[in-house]
Amino acid sequence: MLRDKPQRGYWCECWTQDCSQETRPVLRASFEAHSAPQADRWVAVALRTISPALDPDASQEAWEWLYDGRIATRKALLRGEPCTVTVTQARIRITWTIRPVLFLPLAHRQGLELPAGAYAFKPGALEHPS
């Protein structure tokens, strides 16, 4: 389906960071949600999936959000506010972020040919130096 207008939605990300070292967070996953329930469900599924492997403190953090925090998250998203859910397992911090966004429609391409400028891109050109 081709959309010609921006669509409201939510951009969801999952980041991890080793708290015992001075390292930057690492993006592990991202997700395009088209509703607040879909966005918080993405986090809920991840937390339910990993909770059996978490230590008792982290598991408690996860289940507290699943039982109480999820409702507050959904309400905040419906008000257009960004949300963050964090669980710390040993020295690893796992953070899910959900931000309200406008998804812009992309130009429709005819046929299989990419625009001429697409071939000028060199793999690795956008990588950041370590």
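Charge dipole of region 16-74 (Cα centre as origin; +1 on each Lys and Arg Cβ, -1 on each Asp and Glu Cβ, all else neutral): 320 debye, rounded to the nearest 20. Principal axis extents of the Cα atoms in region 1-95, from largest to smallest and rounded to whole angstrom, are 46, 30, 22.
Residue ranking by accessible heavy-atom surface, 1.4 Å probe, largest first, among Leu54, Leu104, Leu77 comes out as Leu104, Leu54, Leu77. For the pair Arg99 and Arg48, a Förster radius of 25 Å applied to the C-beta separation gives a FRET efficiency near 0.65, rounded to the nearest 0.05. Can you work out the Karplus-derived ³J(HN,Hα) for every residue in region 64-73? Use 6.51 cos²θ - 1.76 cosθ + 1.60 with θ = phi - 60°, whole Hz, and x for glycine or proline. For region 64-73, the Karplus-derived couplings read 4, 5, 4, 8, 10, x, 4, 5, 5, 4 Hz, x marking Gly and Pro. Charged neighbours of Glu13, selected by a Cβ distance under 10 Å, balance to +2 (K, R count +1; D, E count -1). Among the GluC sites (Glu not before Pro) within region 1-60, those in coil by DSSP and having at most 10 neighbouring Cβ atoms inside 10 Å are Glu22.
The values are calculated or read from the model by the stated rules, or taken from the named source; none is laboratory data. No experiment lies behind these values; they were computed from the predicted model shown. FYI the Cβ positions are ideal-geometry reconstructions off the backbone, even for glycines, and counts take in every protein chain you see. All accessible areas refer to the heavy atoms of the entire protein, side chains included, with ligands and DNA or RNA removed. Shrake-Rupley method; radii C 1.70, N 1.55, O 1.52, S 1.80 Å.
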